[in-house]
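A.B. asks: The structure follows.
The values are calculated or read from the model by the stated rules, or taken from the named source; none is laboratory data. Quick caveat, the model's predicted, so the values are computed rather than measured. Neighbour counts run over all protein chains shown; Cβ positions are idealised from the backbone, glycine included.
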Amino acid sequence: MYERTATQVRLAWFAVWLLQIEVLVKVWADNRWTEVQQGGGEAWIALGALAGLLGAFCLLTQLVLISGWPPIERAFGLDRLARMHHKNGFIGYSLIMTHVLLIVGGYSLITGQGIISQYFALTRSLPYVLLAAFAFWALNAVVLSSIVIVRRRLRYEWWRTVHWLVYAVIVLSFWHQINNGAELLGSQWLRYYWYFIYAFALSVVIYMRLIRPLLLYRRYGFRVDRVEKEADGVNSIYVTGRGLDNFRYWAGQFNFWYFWQPGLRLQKHPFTISSSPGSPYLRLTPKAVGDYTRQLAELRPGTPVLINGPFGRFSMMLSSTAPRLFIAGGIGITPLRSMIGDGVAADDVLLYCARRSADLAFRQDFDEMADKRGLTLYYVLSEEKAEGENMRYGQLDNNLLESLVPDLATRDVWLCGPPAMMRAVSRRLRYLGVPARRIHTERFEL
Ligand SMILES: Cc1cc2nc3c(=O)[nH]c(=O)nc-3n(C[C@H](O)[C@H](O)[C@H](O)COP(=O)(O)OP(=O)(O)OC[C@H]3O[C@@H](n4cnc5c(N)ncnc54)[C@H](O)[C@@H]3O)c2cc1C
């Protein structure tokens, strides 16, 4: 999807989202505005109900945002959706917290009980509020684990396991909403609408997480064909299947991959498709950085593979007619390998940064493309002075960038590598005159 169309689609989705919020606020105001005008405990409770309604809506939005549902994913890209998911999660959690505080505070004003005893009184007296209380504490566990993972103190797998509680939160709180929510009890229309958005959000998740990977597997029968070493700690896994020509993706996109082998089964991880569209196989090229990626080197031929994808906008779908400059740092070479393999143009330039020559993946392929297809290629090594006309030693600083690519400012740039390297190189590119809209980046992080 071209950038202008994607922007329009993004705006359209945003308008749909805002419209739903407007509907919720309007129905709430029709039912509860008089209570707000009364002031006191009633007003707190009515405002608490609004916070709860909007908080629940944000939680449902969370499911759709991170599901990868193509009509939304194609316009935003999963990395941007993941960032929106973080922000929307924060807003939703704040609203649910406000809901609990206002409702308990409101009742406490009316009955004159202390906050804590009022809280326990509410969970005992109103049906379904106990379920909502469980949901609230489960939500706190999810938020706490998310803060801890951001600080890198929790294993990713543990965080994902705790994240499953979100589904319990959504189901438990649903009964509370339809049985205690005055707006939903007061408006038949809103009740149906509420059923619909719940059914929609849960269907999208079940389809994307479960049904779609199974349908893709049934159609293509993906299997591991072989594992080949590319560089120190980096292997390529070749995946074959039936009629792979029909598996459409843009060069540079990624899949979530599940390998059906003991020890790996219950995990899905994102990896770029390092092969190019039209290849008779799909290839991924993981670098061994943790428990999971280390085990991938031991994958056995014939292992069934479930795939969910393709995802991502860092791909040839964003290309224009400008000449291309590819800049990779370390394993960030994988999407660029796919893009360059999709068709080398005579004016393409690749700057491939790594620590040592033993870390360079796909070296033979790139050397061949430079010899036979006109790719301008430089390897920039930070920890080794290697022999060779196209070898450079050091960092990709302003001087090196300018000397290797004198027409830099006229190019579209595709940049993928470690976050610190990408920040530094993006800054230098802008300093050297490349407009920000021409610098396309991919972080290996969701
Ligand atoms: C869009 C995208 C494309 C990627 N493409 C490649 C690629 O082509 N080659 C490559 O080597 N790496 C790629 N990665 C990174 C790769 O997904 C992680 O390195 C891998 O999942 C780490 O798993 P681990 O358990 O071995 O390491 P760990 O040490 O457990 O994890 C290292 C870090 O990777 C992240 N991570 C771990 N598991 C997951 C997961 N299931 N989903 C998302 N993030 C996770 C966490 O932030 C964690 O801190 C890509 C990531 C993304 C988001």
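A.B. asks: Could you tell me which numbered condition F136 fails, if it satisfies all but one of (1) within 16 Å of the ligand (Cβ to nearest atom); (2) over 20 Å from F14 (Cα atoms)?
C.D. replies: (1)
A.B. asks: Return the residues of region 202-237 that are surrounded by 15 or more Cβ atoms within 10 Å (Cβ to Cβ) and hydrophobic (A, V, I, L, M, F, W, C); say none if nothing qualifies.
C.D. replies: L202, V204, V205, M208, L216, F222, V224, V227, A231, V234, I237
A.B. asks: Let me ask you something else. Tell me which residues, restricted to region 258-271, are near the ligand (Cβ under 9 Å from one of its atoms), buried (at least 21 other Cβ atoms within 10 Å of the Cβ) and either under 18 Å from R300 (Cα atoms) or at pLDDT below 95 (or both). Walk me through how you get there before you give the answer.
C.D. replies: Going through region 258-271, the residues near the ligand (Cβ under 9 Å from one of its atoms) turn out to be 267-271.
Subset that is buried (at least 21 other Cβ atoms within 10 Å of the Cβ): 271.
Within region 258-271, no residue meets the criteria.
A.B. asks: Tell me which residues, restricted to region 391-446, are of a type in the set (A, V, I, L, M, F, W, C), assigned to a helix (DSSP H, G or I) and either closer than 20 Å to G252 by Cβ or within 16 Å of the ligand (Cβ to nearest atom) (or both). First the steps, then the outcome.
C.D. replies: If we filter region 391-446 for residues that are of a type in the set (A, V, I, L, M, F, W, C), which is where we start, we get 391, 396, 400-401, 404-405, 408-409, 413-416, 420-422, 424-425, 429, 432, 434, 436, 439, 444, 446.
From the residues that got through so far, the ones that are assigned to a helix (DSSP H, G or I) too are 400-401, 404, 408-409, 420-422, 424-425, 429, 436.
Across region 391-446, the qualifying residues are A420, M421, M422, V425, L429, A436.
A.B. asks: Looking at region 153-245, what helices (runs of 4 or more DSSP H) fall wholly within it and have at least 3 residues that are of a type in the set (V, I, T) and more than 16 Å from the ligand (Cβ to nearest atom)?
C.D. replies: 165-180, 188-206
A.B. asks: Let me ask you something else. Does region 96-118 include one or more residues that are in contact with a helix residue (DSSP H, G or I) (Cβ under 6 Å, 6 or more places away or on another chain), farther than 17 Å from I45 by Cβ and buried (at least 18 other Cβ atoms within 10 Å of the Cβ)?
C.D. replies: No, region 96-118 contains no residue that is in contact with a helix residue (DSSP H, G or I) (Cβ under 6 Å, 6 or more places away or on another chain), farther than 17 Å from I45 by Cβ and buried (at least 18 other Cβ atoms within 10 Å of the Cβ).
A.B. asks: Sticking with this one: Within region 76-94, is even one residue under 26 Å from A182 (Cα atoms) and in contact (Cβ under 8 Å) with a residue 40 or more places away in the chain?
C.D. replies: Looking through region 76-94, at least one residue is under 26 Å from A182 (Cα atoms) and in contact (Cβ under 8 Å) with a residue 40 or more places away in the chain.
A.B. asks: Continuing with the same structure: What is the residue count in region 283-325 for residues that are at pLDDT 95 or above, over 28 Å from R155 (Cβ atoms) and buried (at least 24 other Cβ atoms within 10 Å of the Cβ)?
C.D. replies: 1
A.B. asks: Restricting attention to helices (runs of 4 or more DSSP H) lying wholly within region 1-82, give those where 1 or more residues are in contact with a Lys or Arg (Cβ under 6 Å, 6 or more places away or on another chain). So that I can check it myself, show each step before the final result.
C.D. replies: Working: elements: 3-38, 40-67, 70-76.
The helices (runs of 4 or more DSSP H) meeting that bar are 40-67, 70-76.
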